[in-house]
Amino acid sequence: MSYKKSILITGGAGFIGSHLVRLMVNKYPDYRIVNLDKLTYAGNLENLTDVEGESNYAFVKADICDRNAIEEVFTNYDITDVIHLAAESHVDRSIEGPMEFVMTNVVGTVNLLQIAKEHWTSKEHVFHHVSTDEVYGSLGAEGLFEETTAYDPRSPYSSSKASSDHFVMAFYHTYGLPIKMSNCSNNYGSHQFPEKLIPLMINNIVHKKPLPIYGKGDNIRDWLWVVDHASAIDRIFHEGRIGESYNVGGLNEWTNIELVKFLCKSMDEKLGREIGESEKLITFVKDRAGHDMRYAIDATKIEKELKWKPSVTFEEGLDKTVNWYLENTEWIEAVTSGAYKDYYEGMYQNR
Ligand code: NAD
Ligand code: DAU
């Protein structure tokens with residue numbers, strides 16, 4: 001079969017990537033979706049068992065830093081477009097070891113850009129780079145991140161993503177590579193690795209383990225349901241303007257402590273526990289080094305220009321998320337065995 005597009009999605013076995021792959025494979029049967037992933041601790045093909053048998057889906061295990069492997073994929077699958085999500089994504093891990101973040105997030109991104117530039121001879125292509133609001137740094141009590149906000153990354157993770165964003169823009173300005181970019185706020189939803197706040201808390205509440213809140217818990221994050229992020233990427237990829245970046249968020253700010261208390265109450269109800277029981281598990285621990293105080297996205301550009309907005313409220317999205325974790329205990333047990341235990345002990349033992 002000849003496909004209308006042959007899209008390389010990098011990092012498709014990860015949290016957001018697997019939601020995007022699912023959306024694209026099901027919504028666009030006339031596209032071939034090639035999921036390329038190194039399958040690090042964060043990549044899991046179990047996330048995609050429902051699409052792995054589809055004829056328009058292919059999986060390739062490779063590292064985005066591996067020039068030969070990526071070249072081969074571009075040639076073998078005649079790649080017309082890229083949606084690039086592969087990354088090291090966890091801030092705490094970047095504080096422990098920044099080099100892996102430089103390799104994948106910076107060197108890997110430049111490798112992909114370079115190969116796309118060499119293979120594509122016309123402008124009828126799109127290289128969509130998926131990035132984060134953390135590149136803008138940390139807000140005080142007022143204001144929102146706009147697309148024009150100056151970059152001010154603070155963590156090794158956000159510095160590596162900021163660097164990759166700059167390379168993406170450099171390839172547009174210098175070589176005319178047809179790029180698009182999106183910078184999204186914190187995602188939550190099913191299949192998120194339980195090193196991140198929401199799945200970690202859900203898992204610890206289930207097992208009646210301490211709920212580690214960094215510092216005073218007054219840091220603010222702006223939460224978006226992962227399925228809505230995937231739909232925003234779809235919209236930007238198809239309708240966004242070349243050379244532009246789009247902020248994605250849901251105007252949904254929570255302090256960490258209020259969010260965790262809300263989660264405790266909702267899970268007490270679901271688990272038939274006395275209201276207030278899980279809250280007793282909250283433990284204030286040593287703060288994250290260089291902890292950004294507040295993130296909040298102004299999503300006016302994507303809302304006005306591309307008519308995108310989130311499909312669910314936070315309460316609805318969180319309810320679906322908690323239900324998924326409670327119904328998929330095998331998934332969570334599989335990913336929290338082995339190496340996860342070592343990671344958890346290393347990260348939380350001395351906090
Ligand atoms: P994740 O950590 O869950 O998944 C990352 C995926 O990339 C994994 O499947 C992993 O195996 C793969 N990968 C890592 N290194 C690779 C390499 N060298 N070569 C090939 N594959 C590799 O991350 P996520 O939360 O799904 O984030 C996906 C993207 O979205 C990242 O670029 C991240 O910066 C960005 N983002 C995430 C959020 C969020 O809240 N999670 C918000 C905004 C933007
Ligand atoms: O804003 C987008 C970013 O959101 C993405 O680019 C990153 O890939 C993603 O990991 C996320 O970064 P954060 O650092 O904001 O997410 P995390 O879930 O690690 O932490 C959310 C907040 O909760 C943050 O203020 C730190 C705090 N926290 C986190 C953990 C894991 C705790 O208080 N306790 C914890 O155990």
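Coordinate-derived values only; no laboratory data. Predicted model, so just to flag it, every value in this text is computed and none were measured. Glycine gets a Cβ as well: all are built from the backbone with ideal geometry, and neighbour counts include every protein chain shown.
See the values below:
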| quantity | calculated |
| --- | --- |
| Residue list for region 195-224, filter: part of a loop (DSSP other than H, G, I, E, B), under 21 Å from Y295 (Cα atoms) and more than 8 Å from ligand 2 (Cβ to nearest atom) | K216, D218 |
| Some residue of region 128-142 being more than 23 Å from W254 (Cβ to Cβ), under 18 Å from the mean Cα position of the chain (by Cα), crowded, with 23+ Cβ neighbours inside 10 Å and more than 12 Å from ligand 1 (Cβ to nearest atom) | no |
| Close pairs (8 angstrom Cβ cut-off, 6 or more residues apart or separate chains): closer than 16 Å to W223 by Cβ in region 189-209, away from ligand 1 (no atom under 11 Å from the Cβ) and among the acidic types (D, E) anywhere | none |
| When residues of region 143-157 are limited to those that are more than 14 Å from ligand 1 (Cβ to nearest atom) and of a type in the set (S, T, Y), the one surrounded by the fewest Cβ atoms within 10 Å (Cβ to Cβ) | T148 |
| Segments classed as helices (runs of 4 or more DSSP H), wholly inside region 1-99, with at least 3 members that are within 22 Å of H229 (Cβ to Cβ) and touching a helix residue (DSSP H, G or I) at 6+ places or on another chain (Cβ under 7 Å) | 15-27, 91-96 |
| Residue match in region 172-194 (condition: assigned to a helix (DSSP H, G or I), more than 10 Å from ligand 2 (Cβ to nearest atom) and touching a helix residue (DSSP H, G or I) at 6+ places or on another chain (Cβ under 7 Å)) | yes |
| Entirely in region 225-309, the strands (runs of 3 or more DSSP E) that have 1 or more residues that are touching a strand residue (DSSP E or B) at 6+ places or on another chain (Cβ under 7 Å) and within 22 Å of L23 (Cβ to Cβ) | 245-248 |
| Of all residues making up region 1-54, the number that are buried (at least 19 other Cβ atoms within 10 Å of the Cβ) and at positive phi | 1 |
